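The values are calculated or read from the model by the stated rules, or taken from the named source; none is laboratory data. Note that the structure is a prediction, hence the values are computed from the model and not measured. Cβ coordinates were reconstructed from backbone atoms using ideal geometry, including for glycine residues, and neighbour counts include every protein chain displayed. With ligands, DNA and RNA removed, areas are computed over all heavy atoms of the protein, side chains included. Shrake-Rupley method; radii C 1.70, N 1.55, O 1.52, S 1.80 Å.
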Amino acid sequence: MKYYFGSDHAGLELKKALIEHLKQKGLKTEDLGTHSQDSCDYPDYAIAVAEKVAKENALGILVCGTGIGICMSANKVDGIRAATIHNEFTGQMAKEHNNANIICLGGRVVDEQTAKKAVDGWLEAKFGEGRHTGRVKKIMDIEKH
Ligand code: RB5
């Protein structure tokens, strides 16, 4: 499984820390940018990651200032279930209940340790299936309208 990363300038430092965190676990990562502190537009990186995740059935981690705008953008791409997470519990739930294939964090919202725990919650959780399968299917069916 490959983990695609993207951020804007506000999420750059946290993204770099999270990439290292995943690499230390032996996971395969690719950073699709941004690569500098220059001000940029978060939708550009959200779309780049979301399209890779959808096409390759991969997973993604996006970081902007709040984790909001980059999540809204990613969810516009068919096949994406992006969730903004803030802590270990929301990370776990994003996988167990929502089967999120992209998680989003706010570099101006969570500190690095909290962010790593949130990501670990998502990485280590399993989709709960059962009643959640039908609910997630209803989300995905919205794309057919
Ligand atoms: C950039 O200033 C900021 O708007 C962006 O990182 C993000 O928080 C948007 O949702």
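Which ones in segment 42-72 are assigned to a loop (DSSP other than H, G, I, E, B) and within 9 Å of the ligand (Cβ to nearest atom)?
Applying the first criterion (assigned to a loop (DSSP other than H, G, I, E, B)) to segment 42-72 yields 57-58, 65-68.
Once the filter is applied, which keeps residues that are assigned to a loop (DSSP other than H, G, I, E, B) and within 9 Å of the ligand (Cβ to nearest atom), segment 42-72 yields G65, T66, G67, I68.
Output the qualifying pairs, or none if there are none: Cβ atoms under 8 angstrom, residues six or more apart or on different chains, first residue in segment 22-40 and of a type outside the set (S, T, Y) and outside any loop (DSSP other than H, G, I, E, B), second residue open to solvent by 90 Å² or more (accessible area, probe 1.4 Å) and away from the ligand (no atom under 16 Å from the Cβ).
If the second residue must be open to solvent by 90 Å² or more (accessible area, probe 1.4 Å) and away from the ligand (no atom under 16 Å from the Cβ), the pairs left are K28/M1.
Select from segment 1-21 the residues that are within 11 Å of the ligand (Cβ to nearest atom) and hydroxyl-bearing (S, T, Y) and list them in ascending order.
Once the filter is applied, which keeps residues that are within 11 Å of the ligand (Cβ to nearest atom) and hydroxyl-bearing (S, T, Y), segment 1-21 yields only S7.
Can you spot a residue in segment 1-13 that is surrounded by fewer than 19 Cβ atoms within 10 Å (Cβ to Cβ), among the aliphatic types (A, V, I, L, M) and modelled with pLDDT of 95 or more?
Yes, because at least one residue in segment 1-13 is surrounded by fewer than 19 Cβ atoms within 10 Å (Cβ to Cβ), among the aliphatic types (A, V, I, L, M) and modelled with pLDDT of 95 or more.
Pairs needed: first member in segment 6-20, of a type in the set (V, I, T) and part of a helix (DSSP H, G or I); second member anywhere, at pLDDT 95 or above and open to solvent by less than 20 Å² (accessible area, probe 1.4 Å); C-beta distance under 6 Å; at least 6 residues apart or different chains.
Once the first residue is of a type in the set (V, I, T) and part of a helix (DSSP H, G or I) and sits in segment 6-20, its partners that are at pLDDT 95 or above and open to solvent by less than 20 Å² (accessible area, probe 1.4 Å) give I19/F5.
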